[in-house]
Every structure is written in C-alpha cells, then in structure tokens.
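Inspection log for the structure reproduced underneath, given as structure tokens.
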Amino acid sequence: MLTLDLTNAPRWHDLAPGVRVQLRPLTTALMVATRSDPVVEAVPEAASDEERAVAFAKALARRAVLTWKGIGDADGNPIDPSPEAIDALLDIWPIFEAFQLTYVSKGLLLEQEKNVSALSPNGPSAGASATATRAKRPAKAARRG
C-alpha cells in the first residue's frame, strides 16, 4: 500500500557518523526543478551515467539541504550550507552514496514500480501488442530415441 505523508515536513538524514543533514521532502516540484537546473541541462550528451548522476545529485542537494550538523571547514569550525559547500560534501564518495541511498533512491522507488511489466493484453490495461508472428504450420514432433 502507498502511504501518503501529508505533513511534508523536512527530515533529518544521517549520511555518516556525526554528519546529519536536514532535507526538504522529495516532491514532484523539487524533482522537476532539479531536472531543469542549468547545471543538469549543461551535462554533455556524451557524458556517462555516472557523470549525470553526480550532476543531478548535487543540483538536488543544493535545493534540498536546509541545514546540517557535523560539517566544518578546514580548521574544524562549523559552517552553514552553501552551494559550494554542498558540492564539496557530495564529492566525498561515502557521503554521495549515503545521499543517493537514503534520499534519492527512496523517491525513485515508485518510478521503478510503474516500469515493472507491460500492459496486459486484456482487462483494464488492454493495449499490449503481440511481438511474435503466427506460425505457418504446426511444428514437427521431436524424434524419439
């Protein structure tokens, strides 16, 4: 069953020991805005899927991160989120992976569910078409022994 969280409140996500970020809910508006982000649109056609994923994750994080804990500058002083700091944070591989797993992938699970199988050839989802042509004659039985 799909459960709806009608509060749309920001949530805290642990990305590493001692590193927490408060993120906006992953809504349709946030995803659409990220897809049309100039940085995402500027990714070359020849870019790999990995390069696209990094550009998208950074653009999404720049929109989603509200505040954080456990992140500081080179001197150990706490810093506030900024576009540059968010990009630098996601350049750390374990942080990037945790962001993808705890935030992005949960929003994409529903997207994957709708791509599970083709339409049924009959019933309420009628519309699937046959891909094989009819045999011209029955096949011969296999020889025994």
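The values are calculated or read from the model by the stated rules, or taken from the named source; none is laboratory data. Quick caveat: nothing in here was measured; it's all calculated off a predicted structure. In this analysis, Cβ positions are derived from the backbone assuming ideal geometry, glycine residues included, and neighbour counts consider all displayed protein chains.
Taking the criterion of being over 21 Å from Trp12 (Cα atoms) and not charged (D, E, K, R), the residues of segment 40-76 that qualify are Val40, Ala42, Val43, Pro44, Ala46, Ala47, Ser48, Ala53, Val54, Ala55, Ala74, Gly76. Scoring Gly76 on the criteria (1) within 18 Å of Pro17 (Cα to Cα); (2) modelled with pLDDT under 95; (3) in a helix (DSSP H, G or I); (4) of a type in the set (Gly, Ala, Ser) leaves a single failure, condition (3).
Go through Ala29, Ala16 for me and flag whichever is at pLDDT 95 or above, surrounded by 10 or more Cβ atoms within 10 Å (Cβ to Cβ) and of a type in the set (A, V, I, L, M, F, W, C).
Ala16
Only one of the numbered conditions (1) at pLDDT below 95; (2) within 29 Å of Thr34 (Cα to Cα); (3) assigned to a loop (DSSP other than H, G, I, E, B); (4) not aliphatic (A, V, I, L, M) is violated by Glu111, and that is (3).
Restricting attention to segment 53-73, the residues that are in a strand (DSSP E or B) and crowded, with 16+ Cβ neighbours inside 10 Å add up to 2. Of the residues making up segment 22-52, those that are free of Cβ contacts under 8 Å to residues at least 60 places away in the same chain and of a type in the set (A, V, I, L, M, F, W, C) are Ala29, Leu30, Val32, Ala33, Val39, Val40, Ala42, Val43, Ala46, Ala47. Pro25 passes every criterion in (1) farther than 21 Å from Thr7 by Cβ; (2) assigned to a loop (DSSP other than H, G, I, E, B) apart from (1).
Please verify whether segment 34-52 includes one or more residues that are crowded, with 19+ Cβ neighbours inside 10 Å and in a helix (DSSP H, G or I). Yes - at least one qualifying residue is present in segment 34-52.
Take the conditions (1) exposed (fewer than 10 other Cβ atoms within 10 Å of the Cβ); (2) in a loop (DSSP other than H, G, I, E, B); (3) at pLDDT below 95; Ser120 misses just one of them, which is (1).
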